[in-house]
Amino acid sequence: MSKALEGIKILDFTHVQSGPTCTQLLAWFGADVIKVERPGVGDATRGQLCDIPDVDSLYFTMLNHNKRSIELNTKHETGKEVLVRLIESCDVLVENFAPGALDRMGFSWEKIQEINSQMILASIKGFGPGPYEDCKVYENIAQCAGGAASTTGMLGDIPLVTGAQIGDSGTGLHLAFGIVTALYQRAQTGKGQKVSAAMQDGVLNLCRVKLRDQQRLEAGPLEEYSQFGENIPFGEATPRSGNDSGGGQPGRILKCLGWEKDPDAYTYFITQAAVWKNICDIIGRPEWKDDQNYSTPKSRLPKLNEIFGAIEKWTMSKTKFEVMDICNEYEIPIGPILSFKELAEENSLRATGTIVEVDHPERGKYLSVGNPVKLSDSPVEVIRSPLLGEHTNEILSNVLSYSDEEIKDIRASGAVGEEKK
Ligand code: CAO
């Protein structure tokens, strides 16, 4: 069976997390991703957070599946000649260098267009044009600058960053969408274009509902926030909302059986209006069903602490999985807090390829997250990440059509590093 992006060649200048997330997705959909790495050095993450000495880290392997690696010094004269050939042969150049690095290398957007007018240049930067456009940015900086941190955490406590990598992986996803869209447009116009995704913009996009609340705040207090029911006045900006549900249906994280010893024995519980009567029945408070002090969503808002206290008394008598099973029967929206141990062992995630076991020649078997997006006509096989420069010869010869003699000369120039044994 063919793959959705078969025939598309990606010149992958990405490193760390944001850019590699994007090109890994494109590779899973069938694009040929050629990762360009500095000779002898490679993507810095190969050697970061290592669990096994002198072996590519999980940080690297889990973000660079299904790619080929070429070592190439793009600041070397011969290296630049090879890079020109790569630009001529590829459809998309993806990069997440610090601002201006590609220009400093001598490959401005104008130069790239001169070499290949069909080329799509896709870039991730920390910020878009403006006062911070020259800044280097990492995940947590983007979370802070994009509005996520100021709205995450408990009211009255410090801002918090989240474990979900919304700045890096989130922006990688945005960029992948932009690339596929530009490829579609190129099919009609025959022209390439620049695709830019700023991490601040990506985080802001994912925090869209918080800008909604900022504007609602001007019209009065946000009644679905717990602080409303607790008579705590609102300030000028969207506040941190703890574990409140953002959708207007009150929700909280509640303790389950075993919470004293297990840090993940909790459940998320939503008191959705449509199933209020079911909730009253299962927690043993049937009298709340028709009591006008509890029966409408508005009447419940000032009593959320009392209501969730009663629900928690019930959830604490059951495991989070028992709570899930019982509530599902009554159509009550619920979600156990799953640990990474539980996720890694979950058979259904293995069956769908969302959690995959991959074999690596130097580190052996490890677990990774596979492609979370499934296409019925474009199957995904997760292939281990490349060793540094593993495909240098193959790319010089098969993709760029250099002869054996020419490859010898390129090697001798020092532009592509040492030949691997
Ligand atoms: N051959 C020769 N030189 C190369 C090369 C190659 N194959 N690959 C990279 N280089 C050079 C670059 O040209 C750059 O040189 P200059 O400083 O002379 O321009 C240099 O290596 C360092 O690149 P960099 O500035 O991108 O890397 P850094 O470690 O200094 O910064 C980061 C890392 C992530 C902060 C920065 O790249 C950045 O802000 N990127 C955009 C935002 C982003 O993606 N952040 C998320 C990262 S994941 O948390």
Practice problem: Select from region 154-189 the residues that are open to solvent by 60 Å² or more (accessible area, probe 1.4 Å) and among the small types (Gly, Ala, Ser) and list them in ascending order. | Solution: 156, 163, 187
Exercise. Scan region 87-134 residue by residue and report those that are in a helix (DSSP H, G or I), open to solvent by 30 Å² or more (accessible area, probe 1.4 Å) and within 15 Å of the ligand (Cβ to nearest atom).
Key: 103, 104, 111
Self-check item: Hey, residue 196 among the hydroxyl-bearing types (Ser, Thr, Tyr), under 12 Å from residue 122 (Cβ atoms) and touching a residue at least 12 places away in the same chain (Cβ under 8 Å) or not
Solution: yes
Quiz item: Among (1) crowded, with 24+ Cβ neighbours inside 10 Å; (2) away from the ligand (no atom under 11 Å from the Cβ), which single condition is residue 61 missing?
Solution: (1)
Quiz item: So which helices (runs of 4 or more DSSP H) are wholly in region 135-206 and hold at least 1 residues that are over 22 Å from residue 14 (Cα atoms) and within 16 Å of the ligand (Cβ to nearest atom)?
Solution: 139-145, 199-206
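If you check 230, 236, 260, which single one turns out to be among the charged types (D, E, K, R), out of contact with any Asp or Glu (no Cβ under 8 Å at 6 or more places or on another chain) and under 16 Å from residue 306 (Cα atoms)? Lay out the reasoning, then the answer.
Numbers: 236 fails: under 16 Å from residue 306 (Cα atoms); 260 fails: under 16 Å from residue 306 (Cα atoms).
Criteria check complete, one pass: 230.
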Practice problem: For residues that are of a type in the set (A, V, I, L, M, F, W, C), out of contact with any strand residue (DSSP E or B) (no Cβ under 8 Å at 6 or more places or on another chain) and assigned to a loop (DSSP other than H, G, I, E, B), tally how many sit in region 1-33. | Solution: 5
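Within region 34-56, which residues are in a loop (DSSP other than H, G, I, E, B) and open to solvent by 30 Å² or more (accessible area, probe 1.4 Å)?
Of the residues in region 34-56, the ones in a loop (DSSP other than H, G, I, E, B) are 38-43, 48-56.
38, 39, 40, 41, 48, 49, 50, 51, 52, 53, 54, listed by residue number.
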Exercise. Could you please tell me which pairs satisfy a Cβ distance under 8 Å, a separation of 6+ or placement on different chains, a first residue in region 135-147 that is on the phi < 0 side of the Ramachandran plot and open to solvent by 80 Å² or more (accessible area, probe 1.4 Å), and a second residue that is at pLDDT 95 or above and charged (D, E, K, R)?
Key: 138/168
Quiz item: among the hydrophobic types (A, V, I, L, M, F, W, C), at pLDDT 95 or above, within 9 Å of the ligand (Cβ to nearest atom) and at positive phi - does that describe any residue in region 33-48?
Solution: no
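Could you run through region 1-30 and say how many residues are over 14 Å from residue 69 (Cα atoms) and away from the ligand (no atom under 12 Å from the Cβ)?
13
Going by the conditions given, is residue 73 within 12 Å of the ligand (Cβ to nearest atom) and touching a strand residue (DSSP E or B) at 6+ places or on another chain (Cβ under 6 Å)? Before the answer, list the steps.
Details: within 12 Å of the ligand (Cβ to nearest atom): yes; touching a strand residue (DSSP E or B) at 6+ places or on another chain (Cβ under 6 Å): no.
Here the answer is no, as residue 73 does not meet what is asked.
To keep it simple, each residue is scored yes or no on (1) closer than 23 Å to residue 147 by Cβ; (2) of a type in the set (Val, Ile, Thr); (3) crowded, with 18+ Cβ neighbours inside 10 Å; (4) under 34 Å from the mean Cα position of the chain (by Cα).
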site: 214; (1), (2), (3), (4): yes, no, no, yes
site: 233; (1), (2), (3), (4): yes, no, no, no
site: 238; (1), (2), (3), (4): yes, yes, yes, yes
site: 242; (1), (2), (3), (4): yes, no, no, yes
site: 253; (1), (2), (3), (4): yes, yes, no, yes
site: 265; (1), (2), (3), (4): no, no, yes, yes
site: 286; (1), (2), (3), (4): no, no, no, no
site: 303; (1), (2), (3), (4): no, no, no, no
site: 307; (1), (2), (3), (4): no, yes, yes, no
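The values are calculated or read from the model by the stated rules, or taken from the named source; none is laboratory data. Being a predicted model, the structure only gives us computed values, none of them experimental. No Cβ is skipped: glycine too gets one built from the backbone with ideal geometry, and neighbour counts run over all protein chains shown. For the accessible areas, the whole protein counts, side chains as well, though only heavy atoms, and no ligand, DNA or RNA atoms are used. Shrake-Rupley method; radii C 1.70, N 1.55, O 1.52, S 1.80 Å.
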